[in-house]
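First up is the structure itself, then whatever we jot down about it.
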Amino acid sequence: MVDVADLGLPVDVPSTALFTDQYELTMLQAALKAGTAERRSVFEVFTRRLPHGRRYGVVAGTGRVLDAVENFRFDAGVLGFLRERQIVDEETLQWLARYRFSGDIWGYPEGEVYFPGSPIMRVEGSFAECVLLETVILSILNHDSAIAAAASRMSSAAGDRPLIEMGARRTHELSAVAAARAAYVGGFATTSDLAAGFRYGIPTVGTSAHAFTLLHDHERDAFQAQVDTLGRGTTLLVDTYDVAEAVRTAVEVAGPELGAVRIDSGDLLLVAHRVRQQLDELGAAHTKIVVTSDLDEYAIASLAAAPVDAYGVGTQLVTGSGHPTCSMVYKLVARSESADPRDPLVPVAKKATGGKTSVGGRKWAARRLDEDGVAEAEVVGTGPVPAELVDRQLLVELVKGGEVVAREPLDVVRDRHAAARAALPLSATQLSRGEPVIPTEYVHGRSGN
């Protein structure tokens with residue numbers, strides 16, 4: 001069980017204060033001068049649409065957002081950089097030196113599914129302290145949710161067969177760690193990335209690449225060296241030269257106790273059937289077959305009838321399988337005329353053409369179920385929550401008065417996603433393109449305080 005994710009992390013997290021866009025700071029400076037910086041405000045994260053053809057989204061990165069908020073600090077080095085570049089004035093620098101987020105954050109629990117208009121995260125506090133968090137929150141949620149959505153589709157296609165995340169070499173080295181975490185949330189079982197294992201406690205796996213076989217004079221020598229070192233239960237890579245000959249040699253070297261063979265090229269469906277037959281004929285009926293090679297959810301689904309025991313996925317996973325972002329936005333939806341909590345919140349919203357409008361007001365969200373307990377609508381509203389939906393509300397408190405109150409083990413998040421996906425209509429798991437699997441309904445009322 002993974003029980004260390006986001007709980008007393010084994011490495012230091014650096015200041016996240018500059019993981020932002022410059023206009024966040026220039027807005028702050030102008031608001032300080034205008035006397036509006038301390039107005040009580042509500043920002044919400046949502047997406048206007050899902051990636052084309054996707055049926056649902058997956059909330060991922062929440063734990064990393066909590067880390068980022070805690071570490072959003074303007075230390076001497078950061079302040080020196082801002083002063084040297086004259087990005088903001090001295091009054092603003094003095095305000096930043098004291099910055100600590102003291103507001104509240106509510107959000108969909110990590111691993112939950114979401115739909116267009118879902119208020120995935122709600123950030124409340126003064127305008128000044130909330131506006132600074134826009135870019136870092138969006139950066140984390142857009143990336144991690146995109147990877148988790150791809151992982152969810154792949155794990156659905158894989159069924160009970162485990163998935164190995166192995167995309168570190170296909171993306172930025174720090175993105176690779178976040179991607180492995182998001183993939184685990186989406187249903188992957190292990191990762192090849194040791195930094196992800198160290199940082200989040202995700203189970204790690206790995207044996208050898210083609211280079212190890214090519215290093216030796218004979219393929220048999222490479223297999224023997226690996227078995228001598230890692231034991232008969234290891235996984236031998238059998239497609240460096242001739243697959244049939246390699247499988248025969250692998251069983252001769254490791255015996256019927258050989259753990260698995262890995263196939264990394266060719267017509268995987270055909271080769272997997274041939275290898276399974278050969279292994280059985282050689283008495284290695286319990287030796288598993290692992291396939292890799294540019295897999296995505298469609299390739300995994302096409303191998304459902306093949307005698308494959310596990311899949312390794314890299315490029316398509318860490319790039320969101322064609323959708324590397326979720327297009328989430330962070331919008332001011334309500335604000336008061338002062339910092340006084342007794343002052344009412346006034347709904348605000350951008351008016352624009354081209355599909356970029358937003359809905360004002362501090363929102364709640366609930367998922368309505370049909371008589372069989374299957375989700376039938378995402379209900380988003382302002383004002384009082386209808387009595388029949390009170391127990392179906394989705395947002396939970398993540399930060400209260402600046403203090404994180406909702407850290408949880410990564411396995412809890414992973415299990416939550418599996419349960420949330422299972423509660424959707426069956427068509428959610430179809431890989432064919434379609435509309436969101438349930439509609440979003442809006443209930444308008446007073447924005448409330």
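The values are calculated or read from the model by the stated rules, or taken from the named source; none is laboratory data. All figures in this text were calculated on a predicted structure; none of them were measured in a lab. Cβ coordinates were reconstructed from backbone atoms using ideal geometry, including for glycine residues, and neighbour counts include every protein chain displayed. Accessible surface is based on the protein model in full, side chains and every heavy atom, while ligands, DNA and RNA are left aside. Shrake-Rupley method; radii C 1.70, N 1.55, O 1.52, S 1.80 Å.
I need the full set of residues from the range 250-279 which are within 18 Å of His210 (Cβ to Cβ) and open to solvent by less than 10 Å² (accessible area, probe 1.4 Å), in order please.
Ala250, Ala260, Val261, Ile263, Val275
Which of the residues spanning the range 419-449 are aliphatic (A, V, I, L, M) and either touching a Cys at 6+ places or on another chain (Cβ under 6 Å) or more than 15 Å from Tyr108 (Cα to Cα) (or both)?
Ala422, Ala423, Leu424, Leu426, Ala428, Leu431, Val437, Ile438, Val443
Only one of these conditions is not met by Val390: (1) at pLDDT 95 or above; (2) surrounded by 13 or more Cβ atoms within 10 Å (Cβ to Cβ); (3) farther than 30 Å from Thr171 by Cα; (4) not polar (S, T, N, Q). Which number is it?
(2)
Those residues that are buried (at least 18 other Cβ atoms within 10 Å of the Cβ) and in contact with a Gly (Cβ under 7 Å, 6 or more places away or on another chain), I need them from the range 360-387; list them, please.
Arg362, Lys363, Trp364, Val380, Gly381, Thr382
Applying the selection to the range 202-244, what residues are open to solvent by less than 20 Å² (accessible area, probe 1.4 Å) and polar (S, T, N, Q)?
Those that are open to solvent by less than 20 Å² (accessible area, probe 1.4 Å) and polar (S, T, N, Q): Thr213, Gln226, Thr234.
For residues that are without any contact (Cβ under 8 Å) to a residue 40 or more places away in the chain and β-branched (Val, Ile, Thr), tally how many sit in the range 155-188.
Of the residues in the range 155-188, 1 are without any contact (Cβ under 8 Å) to a residue 40 or more places away in the chain and β-branched (Val, Ile, Thr).
On the given criteria, is Ala196 in contact with a strand residue (DSSP E or B) (Cβ under 9 Å, 6 or more places away or on another chain) and closer than 22 Å to Thr315 by Cα?
Yes; evaluated as a whole, the condition is true for this residue.
Can you name every residue in the range 158-201 that is modelled with pLDDT of 95 or more, surrounded by fewer than 20 Cβ atoms within 10 Å (Cβ to Cβ) and outside any helix (DSSP H, G or I)?
Once the filter is applied, which keeps residues that are modelled with pLDDT of 95 or more, surrounded by fewer than 20 Cβ atoms within 10 Å (Cβ to Cβ) and outside any helix (DSSP H, G or I), the range 158-201 yields Gly159, Asp160, Arg161, Pro162, Ala189.
Would you list the helices (runs of 4 or more DSSP H) that sit entirely within the range 69-157 and hold 3 or more residues that are open to solvent by less than 10 Å² (accessible area, probe 1.4 Å)?
Values: elements: 76-84, 90-97, 127-131.
The qualifying helices (runs of 4 or more DSSP H) are 90-97, 127-131.
What is the one condition in (1) crowded, with 20+ Cβ neighbours inside 10 Å; (2) basic (Lys, Arg); (3) more than 30 Å from Ala420 (Cα to Cα) that Arg64 does not satisfy?
Among (1) crowded, with 20+ Cβ neighbours inside 10 Å; (2) basic (Lys, Arg); (3) more than 30 Å from Ala420 (Cα to Cα), the lone unmet condition for Arg64 is (3).
Would you check which residues across the range 383-412 are outside any loop (DSSP other than H, G, I, E, B) and among the acidic types (Asp, Glu) and list them?
Of everything in the range 383-412, those that are outside any loop (DSSP other than H, G, I, E, B) and among the acidic types (Asp, Glu) turn out to be Glu388, Asp391, Glu397, Glu403, Asp411.
May I ask you to verify whether Glu38 is touching a residue at least 60 places away in the same chain (Cβ under 8 Å) and over 28 Å from the mean Cα position of the chain (by Cα)?
For Glu38, the condition - touching a residue at least 60 places away in the same chain (Cβ under 8 Å) and over 28 Å from the mean Cα position of the chain (by Cα) - is met.
Has the range 43-51 got any residue that is hydroxyl-bearing (Ser, Thr, Tyr), within 26 Å of the chain's Cα centre (by Cα) and buried (at least 23 other Cβ atoms within 10 Å of the Cβ)? Quick ask: steps written out before the conclusion?
So in the range 43-51, the residues hydroxyl-bearing (Ser, Thr, Tyr) come out as 47.
Checking which are within 26 Å of the chain's Cα centre (by Cα) leaves us with 47.
Then drop every residue that is not buried (at least 23 other Cβ atoms within 10 Å of the Cβ), which leaves none.
So far as the range 43-51 goes, no, none of its residues is hydroxyl-bearing (Ser, Thr, Tyr), within 26 Å of the chain's Cα centre (by Cα) and buried (at least 23 other Cβ atoms within 10 Å of the Cβ).
Provide a single number: the residues in the range 322-380 that are under 23 Å from Trp106 (Cβ atoms) and in a strand (DSSP E or B).
21
Against the conditions (1) in a loop (DSSP other than H, G, I, E, B); (2) among the acidic types (Asp, Glu); (3) surrounded by fewer than 16 Cβ atoms within 10 Å (Cβ to Cβ), where does Asp415 fall short? Just the number, please.
(1)
So, in the range 343-370, how many residues would count as being free of Cβ contacts under 8 Å to residues at least 60 places away in the same chain, over 20 Å from Gln393 (Cβ atoms) and not polar (S, T, N, Q)?
Residues meeting the conditions: 6.
Residue pairs, Cβ under 6 Å, 6 or more apart or interchain, first in the range 52-75 and at positive phi, second open to solvent by 10 Å² or more (accessible area, probe 1.4 Å) and outside any loop (DSSP other than H, G, I, E, B). List them.
Sorted first by the residue in the range 52-75, then by its partner, the pairs are Gly61/Ile140.
Report, ordered by the first and then the second residue, all pairs with beta carbons closer than 7 Å, sequence separation of six or more or different chains, a first member in the range 410-428 that is within 18 Å of Arg181 (Cα to Cα) and in contact (Cβ under 8 Å) with a residue 24 or more places away in the chain, and a second member that is among the aromatic types (Phe, Trp, Tyr) and open to solvent by less than 60 Å² (accessible area, probe 1.4 Å).
Filtered contacts from the range 410-428: Leu410/Tyr184; Leu410/Tyr200; Arg414/Tyr184.
Output the residues belonging to the range 27-49 that are in contact with a Ser or Thr (Cβ under 9 Å, 6 or more places away or on another chain) and in a loop (DSSP other than H, G, I, E, B).
Ala37, Glu38, Arg39, Thr47, Arg48, Arg49
Can we say Arg153 is in contact with a strand residue (DSSP E or B) (Cβ under 8 Å, 6 or more places away or on another chain) and basic (Lys, Arg)?
Values: in contact with a strand residue (DSSP E or B) (Cβ under 8 Å, 6 or more places away or on another chain): no; basic (Lys, Arg): yes.
No: the conditions fail for Arg153.
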